[in-house]
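Asks: The structure follows.
Every number here is computed from the coordinates shown, using simple stated rules; none is lab data. Quantities reported herein were computed from a predicted structural model and do not represent experimental measurements. Note that each Cβ is placed from the backbone with ideal geometry, even for glycine, and that neighbours are counted across all protein chains shown.
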Amino acid sequence: MTAAPEALTRPVIIGRSSSHFTRITRIFASEMRIGHSFQVLRDIMSSNPEDYGGNPALKIPSLRTPRGTWFGALNVCRELWRQSSPRPRVVWPEDLDQPVLANAQELVLQAMSTEVALIMSRVGGAGDSSAHHAKMRTSLGNMMSWLDENASSALAALPPHRDLSFLEVSLFCLVTHLEFREVLPTAPYSELNRFCQRFSTRASASETPYRFDA
Ligand SMILES: N[C@@H](CCC(=O)N[C@@H](CS)C(=O)NCC(=O)O)C(=O)O
């Protein structure tokens with residue numbers, strides 16, 4: 001039997017270089033040393049699921065593999081980890097068994113989603129004067145303050161013998177994205193900035209800078 005050409009078996013990440021959920025998966029792919037291609041979603045306003053790798057939610061990222069397509073950052077990261085060899089020691093959200101850790105993960109993902117809602121309302125031309133918009137901004141500010149206050153205790157509570165954690169990757173992608181998209185100034189969050197400085201020394205972080213795809 002002839003082996004399938006590598007181009008057909010290589011996983012494909014579908015996303016955008018400016019997307020924080022996509023960057024999580026690109027950092028994982030780099031850390032897991034998974035050769036892959038990157039398919040850019042050109043039109044974020046497209047209502048064709050095929051543009052999103054078949055995701056009916058019309059969200060990126062997705063990961064196309066010979067076994068099927070995985071929707072959403074966490075699913076994608078888990079599959080990249082399953083494909084890696086040797087498998088790095090990764091701390092996943094379900095391993096976070098203390099309130100400070102589990103709550104930090106919850107707030108990172110919620111803040112990322114709130115940021116998406118704020119950016120999409122800007123892209124979609126909605127004004128930012130509604131009461132809901134104001135509430136989202138308050139909520140985002142509250143979440144970032146909580147994360148800044150609790151970052152050091154949460155990070156110290158992570159299992160020490162790890163290669164990577166979904167919490168750290170997603171926190172890094174959130175904080176750096178807020179600055180990149182000018183959603184919120186991040187200078188006041190000194191603990192989060194200290195963490196980002198440390199995390200940015202990883203090759204996986206410097207290989208995946210945010211930028212707007214041409
Ligand atoms: N649950 C998804 C959320 C992904 C998400 O919100 N992605 C953003 C880009 S960072 C998106 O697709 N935005 C387009 C839209 O909201 O219409 C995940 O965890 O990956």
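Asks: If you wrap region 87-214's Cα atoms in a convex hull and average its projection over all directions, what's the area in nm²?
Replies: 9.1
Asks: If contacts are Cα pairs under 8 angstrom and at least 6 residues apart, what is the relative contact order of the chain in percent? Please report the intermediate quantities before stating the final value.
Replies: Details: 274 pairs, mean separation 54.2, N = 214.
Relative contact order for the chain comes out at 25 percent.
Asks: For GLN39, what residues show an amide H to amide H distance below 5 Å, using hydrogens built from the backbone and excluding near sequence neighbours?
Replies: ILE13, ILE14, GLY15
Asks: Out of the DSSP beta bridges found with both residues in the chain, what percent are antiparallel (nearest 5)?
Replies: Looking only at bridges with both residues in the chain, the antiparallel portion is about 55 percent.
Asks: Could you order peptides 67-80, 192-205, 169-182 by the average number of other Cβ atoms within 10 Å of their residues, highest first?
Replies: Going by the mean number of other Cβ atoms within 10 Å, highest first, we get 169-182, 67-80, 192-205.
Asks: Evaluate 2.2 N^0.38 Å with N set to the residue count of region 1-91, then give the Cα radius of gyration divided by it. Write out the running numbers ahead of the final one.
Replies: Values: Rg = 13.1 Å, N = 91, 2.2 N^0.38 = 12.2 Å.
Expressed relative to 2.2 N^0.38 Å, the Cα Rg reads 1.07.
Asks: Taking only the alpha-carbon atoms of the chain, what semi-axes of the equivalent ellipsoid follow from 5 times the gyration tensor eigenvalues under a square root, in whole Å, largest first?
Replies: Taking √(5λ) for each Cα gyration eigenvalue gives 28, 23, 14 Å.
Asks: Quick one: Karplus J couplings for region 65-81, per residue in order, coefficients 6.51, -1.76, 1.60, θ = phi - 60°, nearest Hz, x for Gly and Pro?
Replies: Result, ordered by residue: 9, x, 7, x, 9, 9, 9, x, 4, 5, 4, 4, 4, 4, 5, 4, 5 Hz.
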